[in-house]
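For reference, the structure discussed in these notes is given below.
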Amino acid sequence: MRQAPIVIAVYATLAITLGGQWIAAKLGVTAVPALELSTMRFAIAAGVLLAACAITRTPIPLHRWRPISAAAACGVLGFNTLAFLGLSLTPASDSALIIPTTIPLATALFATLIHERLTSRKLFGFAVASLGAALVIVGGQQGGSESSASRLAGDLMELGAATAWAGSLTIGAVVLRKETVLGYVTLMVVIGTALLLPLGAVPQAYRDVPAWSAETWLAAGFLGVFSTSVAFVLFFWAVHRYGASLAAMVTYLTPIATLVLAFLILGERPLPLQLVGGAVIVVGVRLAARRSRAALGQAPVTI
């Protein structure tokens, strides 16, 4: 039980940093091109993580560049390209509900490829939570807005982003059996930044970056430092300790944090059917996590 407060603190921090990323990203993509903001986010994170490795003398696993490149292609290039483009078409509340509730099921399915057990209780819980995510998407189409088609396209992009992130978590679960979390995350982010650079240059070739407003830089800084550097290290620490499918369940905490932040900062109000979907998600999470609480309390906690 001594580890419980640490686990709770880690997961609470993840909920805030992952939830806050949708608010910061939404503020950013309204002012600058989505792919440019995404690239800058990871450029900032790469600098922070490289500095952390230098200070802590953590080795970077260059000899594992092949699987880590695959993880970067999924978790950085694929996830962020789809997520940020989708976010420019759909509200932050949609993104924060769709992605966190889709990732656990997709990860659990991928994780069976690396022999992580998918119990019937967990599968049923994921199915219920996924039904809730479907209600969130359908509910978002009932606002009577002329942009409902764009919103649907954005929601589908967010589903694709969640699948890409699930692939990255599964690869990470394998590599982290022998590598340090910080070294792995650092190399993944550095490679991911290199992959994003050409796409980020497409809109304006970064010519507008010197003219970014203080608010845009604040959003990019939050994304780079907290939603990437801090969140990725904690996320993959959870993958290392508990496996990909169980670690992915932390994303279910994100919608609660984001809906509150979206209401307070952006003034976005979730539609009634979306709230119903959120309630269904909570039921699904409780079903899926019921057998995992003991494991969380007993697992050794080291970073």
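Could you calculate the FRET efficiency of ALA9 with THR58 from 1/(1 + (r/R0)^6), where r is the beta carbon distance between them and R0 is 30 Å, rounded to 0.05? Using R0 = 30 Å, I get an efficiency of 0.85.
The protection proxy used here, the mean number of other Cβ atoms lying within 10 Å of each residue, ranks peptides 46-57, 223-234, 192-203 as follows, highest first: 223-234, 192-203, 46-57. Sequentially through segment 173-186, phi angles give Karplus couplings (6.51, -1.76, 1.60; θ = phi - 60°) of 4, 6, 5, 6, 5, 10, 10, 6, 5, 4, x, 4, 4, 4 Hz, Gly and Pro residues having no value and appearing as x. Ordering of 31-37, 103-109 by packing is 103-109, 31-37, highest average first (other Cβ atoms within 10 Å, averaged per residue).
Would you calculate the volume per residue, in Å³, of the smallest convex hull containing every Cα atom of segment 16-92?
On the way: hull volume 7.6 nm³, N = 77.
Measuring per residue, one finds 98 Å³ for the Cα hull of segment 16-92.
With a simple spin-label model that places each label point 7 Å from the Cα along the Cα-to-Cβ direction, the separation between ALA31 and VAL283 comes to 4.2 nm.
When the alpha-carbon atoms of segment 140-220 are used, the pair Rg, Dmax equals 17.9, 52 angstrom.
For the pair segment 193-247 / segment 69-112, the C-alpha centres are spaced 13 Å from each other. Taking each residue as 0.36 nm, the span from ALA214 to ALA149 lengthens on full extension beyond its C-alpha to C-alpha distance by 20.1 nm.
Each value in this text was obtained by applying a stated rule to the coordinates, not by laboratory testing. From a predicted model like this one, the values you see are computed outputs, not experimental measurements. Please note: Cβ atoms are built from the backbone with ideal geometry, for glycine as well, and neighbour counts cover all protein chains shown.
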